[in-house]
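A.B. asks: After the structure tokens below, expect a handful of questions from me.
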Amino acid sequence: MNAQTKRADVAFTVVENRRLHPRFVRLTLQAADGLQPAQAGQFVQVRVPSSLHSFLRVPISLHEIDAAQGRIALLIQEVGEGSRWLSSRAAGDRLDVLYPLGTGFRRPASAEAPLLLVGGGCGMAPLYGLLKQLKQGPKPHAGRIAFLTGARTAADLLMQDEIAALGAEAYACTEDGTAGEKGLVTVHPVLQDCAFEQVYTCGPTPMMKAVAAVAQAKRVPCQVSLENKMACGIGACLCCVTPDKDRHHRCVCTEGPVFDADILGW
Amino acid sequence: MTTLKLQTDIGRLTLKNPVMTASGTFGYGLEYADFCHLNALGGMVLKGTTLHPREGNPYPRMAETPAGMLNAVGLQNKGVKTLIKDLLPPLQAHLSEAEAADKTGMPTRILVNLSGSTVEDYVEAAELLDAAEAVSGVELNISCPNVKQGGMAFGTRPDTAAEVVSAVRKAYRGPLLVKLSPNVTDIAEMARAVEGAGADGVALINTLLGMEVDIEKAKPVLSTVTGGLSGPCVRPVALRMVWQVAKAVKIPVVGMGGIVDARDAIAFLMVGASAVEVGTANFEDPASAEKIAAGIAAYMERKGIADVRSLIGVI
């Protein structure tokens, strides 16, 4: 389905900039018209002003998508010059965005399947989008959905109330034990037991690898969303590749960023 | 508005306008079709292609640098046979559909950037391209800095450059451009060597060899340590080299290196380029080549210049 979606260079207007955390803001953007449908896990390339250090667009995963209303939201983590500029956008500012790019999360075959979402850091953005599409899409998911978030400390846990409000079971792990289980997400019983038919994960690479390993050991399919560095975002430059099991390079920006962990040779 | 003549010639190859896209930055063309009117381009040079498919270098292959980027893709490509069989037909179909509505009545030219590890590989692939009707020309890549064998090794010595060019010349009858490496002491000497070996034109510059370090990890950013630098940061170097080469050879020159707008492109024409290629700018704005072609026309109109060829080599 993604392959047939026509991508476009869309002019958005910022309608809201809401700070969620000292390092994260949520930008809500409005297009003049309706948008092509997009899937959680797909991403955009946002143009930022050229500076001494940056020249390329900034790839950011879609956080919320309301295509019919022409509205999307992006979760911006302030890491570099481009994301700092983005996090300081205000209502009324214009953004030039290539939308929608890549291949997103695949829905489970059954609407009854119990699902586990495991996120950390800005990996929360596409997973929250997935949860929203699962719960509020045209065919709402009827099965159990558990959402496990990992963070350094309680104050770094994002969107916990919103996750619960969408009807998912919200679980947390913090490295300092200030909320949820103490330790990395892999210590959490909800992941350890892995009583699910599908796992979705997005976050730091070591976290995703660990989550995929647990899922694999339990023979539960796991989709991971990679964040490789890229230039074009549309499959032309081939900078963002990741090896699969046969050592073939897969293009993260078109074949991914979401992959079945099984096929990857990372 | 008077009718502007945007047509330009690279020897035997006539382009509807002087703007092409550079290999490695435009995939196999159709990747850009959602964002850019491909038929608005004079031509496109497709992804560096080798006789056999290549997986390229390990990730990380890219580093952002001031006003540009380093890449170390290492010629990942699907091989010339897949190119001819599976990738050219849909591109050609897309272009002919678009061309039906194009008032210039001229096609957008498809050129293939051809690379290899041995002279034999270059020749075998060139023979296949010779038989491919969709291909209007070959840009011989003897300047890729990211492969261990071949690539730039051919393009940094006049004798080896001449050897591969004359071998390919015998195998490929169509317009043959040779893409030159800037990583040489005397680029004019390299241009003269490939001219003598039968090239119809030269294209320059390929990327400049560079590197970047991640000081947190105390490691090079690229898996290959070094890579090719491109983007606006290389433009003055490229412009100087195009100017030097245009003075040194009689065959046409295609100029590239850091072009992001019509102003940059016109500067290359003025120092002697008969056409230009837009590369890294495609990553920042996928419609940049189309916008540059329109920008050249707007400049000509503003200056009262009827024929784009009158801009070529005025400096």
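A.B. asks: Quote the charge dipole size of the protein assembly as shown about the Cα centre in Debye, to the nearest 20; the model charges only the Cβ of Lys and Arg (+1) and of Asp and Glu (-1).
C.D. replies: 420 debye
A.B. asks: Right, another one. Sort the range B:66-157 into rounded, prolate or oblate with this rule: let a ≥ b ≥ c be the square roots of the eigenvalues of the Cα gyration tensor; rounded if a/c is under 1.5, and if a/c is not under 1.5, prolate when a/b is larger than b/c, oblate otherwise.
C.D. replies: Numbers: a/c = 2.34, a/b = 1.58, b/c = 1.49.
Taking the square roots of the gyration eigenvalues as a ≥ b ≥ c, the range B:66-157 is prolate.
A.B. asks: So, one more: Could you check the simple spin-label distance between B:R240 and A:K218, using points 7 Å along Cα→Cβ, in nm with one decimal?
C.D. replies: 6.2 nm
A.B. asks: Suppose every Lys and Arg Cβ carries +1 and every Asp and Glu Cβ carries -1, with no other charges. What dipole size does the range B:55-208 come out with about its Cα centre, to the nearest 20 debye? Write out the running numbers ahead of the final one.
C.D. replies: On the way: 13 positive and 19 negative charges, 28 e Å.
Dipole size: approximately 140 debye.
A.B. asks: Next question, about the same structure. With the contact rule set at Cα under 8 Å and sequence spacing of 6 or more, what percent relative contact order holds for chain B? Let's see the in-between values first.
C.D. replies: On the way: 763 pairs, mean separation 68.0, N = 315.
Once divided by the residue count of chain B, the mean separation gives 22 percent.
A.B. asks: If each residue's Cβ is checked for other Cβ atoms within 10 Å, how do A:D176, A:D93, B:D285 rank with the fewest at the top? Could the numbers behind the result be given before it?
C.D. replies: Details: A:D176 12, A:D93 15, B:D285 21.
Ranked by crowding around the Cβ, least crowded first: A:D176, A:D93, B:D285.
A.B. asks: For A:T153, A:T28, B:T25, what ranking results if the residue with the fewest other Cβ atoms within 10 Å of its Cβ goes first? Intermediate values should be presented prior to the final figure.
C.D. replies: On the way: A:T153 12, A:T28 19, B:T25 26.
So the residues, fewest neighbours to most, are A:T153, A:T28, B:T25.
A.B. asks: Just to be sure I understand: with springs between alpha-carbon atoms less than 10 Å apart, which residue in A:P59, A:P49, A:P221 has the highest mean-square fluctuation in the Gaussian network model of chain A?
C.D. replies: A:P49
A.B. asks: Only counting other Cβ atoms within 10 Å, I'd like A:S51, B:S230, B:S288 sorted with the fewest neighbours first.
C.D. replies: Details: A:S51 13, B:S230 30, B:S288 25.
If I rank by nearby Cβ atoms, fewest first, I get A:S51, B:S288, B:S230.
A.B. asks: Considering the options A:A109, A:C239, A:L158, tell which one lies farthest towards the positive end of the dipole of chain A, charges being +1 on Lys and Arg and -1 on Asp and Glu at the Cβ, about the Cα centre.
C.D. replies: Farthest along the dipole direction, towards plus: A:C239.
A.B. asks: Relative contact order for the range A:115-225 using alpha-carbon pairs under 8 Å, separation at least 6, rounded to a whole percent?
C.D. replies: Taking the mean separation of contacting Cα pairs over the length of the range A:115-225, I get 29 percent.
A.B. asks: Once a ≥ b ≥ c are taken as the square roots of the eigenvalues of the Cα gyration tensor of chain A, is the result rounded (a/c under 1.5), prolate (a/b larger than b/c) or oblate (a/b not larger than b/c)?
C.D. replies: On the way: a/c = 1.43, a/b = 1.30, b/c = 1.10.
Because its axes are fairly even, with a/c under 1.5, chain A counts as rounded.
A.B. asks: P(r) of the range A:115-225 in 5 Å steps, Cα pairs, percent per bin?
C.D. replies: Pairs per bin, as whole percents: 2, 13, 26, 27, 20, 9, 2, 0.
A.B. asks: Report, by chain and number, residues whose modeled amide H sits under 5 Å from the one on A:E175, excluding near sequence neighbours (fewer than 5 apart, same chain).
C.D. replies: Correct list: A:A151, A:R152, A:T153, A:G183.
A.B. asks: Now, a different point. Cα gyration tensor of chain B, axes a ≥ b ≥ c as square roots of the eigenvalues: rounded (a/c below 1.5), prolate (a/b > b/c) or oblate? Don't skip to the answer; put the middle values down first.
C.D. replies: On the way: a/c = 1.31, a/b = 1.22, b/c = 1.07.
Rounded, since a/c falls under 1.5.
A.B. asks: Sticking with this one: Modelling each spin label as a point 7 Å along the Cα-to-Cβ direction, I'd like the A:A91/A:V187 distance in nm, to one decimal.
C.D. replies: Result: 4.3 nm between the two label points.
A.B. asks: Kindly rank B:171-183, A:189-201, B:206-218 from highest to lowest mean number of other beta carbons found within 10 Å of each residue.
C.D. replies: In decreasing order of mean packing, B:171-183, A:189-201, B:206-218 become B:171-183, A:189-201, B:206-218.
A.B. asks: Spin-label point model (7 Å from Cα, Cβ direction): what's the A:D66 to A:R18 distance in nm?
C.D. replies: Result for the modelled spin labels: 1.1 nm.
A.B. asks: Here is a follow-up. Report, in debye and to the nearest 20, how large the dipole of chain A comes out about its Cα centre when Lys and Arg carry +1 and Asp and Glu carry -1 on their Cβ.
C.D. replies: Numbers: 27 positive and 25 negative charges, 70 e Å.
With only Lys, Arg, Asp and Glu charged at Cβ, the dipole is about 340 debye.
A.B. asks: Here is a further query. Evaluate E = 1/(1 + (r/R0)^6) for A:A32 and B:A294, where r is the Cβ-Cβ distance and R0 equals 22 Å; express this FRET efficiency to the nearest 0.05.
C.D. replies: On the way: r = 23 Å, r/R0 = 1.03.
Result of the calculation: an efficiency of 0.45.
A.B. asks: Continuing with the same structure: Would you calculate a helix-derived [θ] at 222 nm for chain A, using -39,500 (n - 2.57) for each DSSP H run of n ≥ 4 and dividing by the full residue count, to the nearest 500?
C.D. replies: Working: 5 runs with 44 residues, N = 266.
The per-residue figure over chain A is -4500 deg cm²/dmol.
A.B. asks: Something else: Calculate the length of the line joining the C-alpha centroid of the range B:185-247 to that of the range A:142-184, in whole Å.
C.D. replies: So the separation of the two Cα centres works out to 50 Å.
A.B. asks: Do you know the relative contact order of chain A, to the nearest whole percent, from alpha carbon pairs under 8 angstrom that are 6+ apart?
C.D. replies: Values: 631 pairs, mean separation 44.5, N = 266.
Computed over chain A, the figure is 17 percent.
A.B. asks: Between the range A:226-258 and the range A:89-135, how far is it from one alpha carbon centroid to the other, in angstrom?
C.D. replies: 19 Å
No lab work stands behind these numbers, since they all come straight from the coordinates. Nothing here was measured: the structure is a model prediction, and the numbers come from that model. Positions of Cβ are generated from backbone atoms using ideal geometry, with glycine treated the same way; all protein chains shown enter the neighbour counts.
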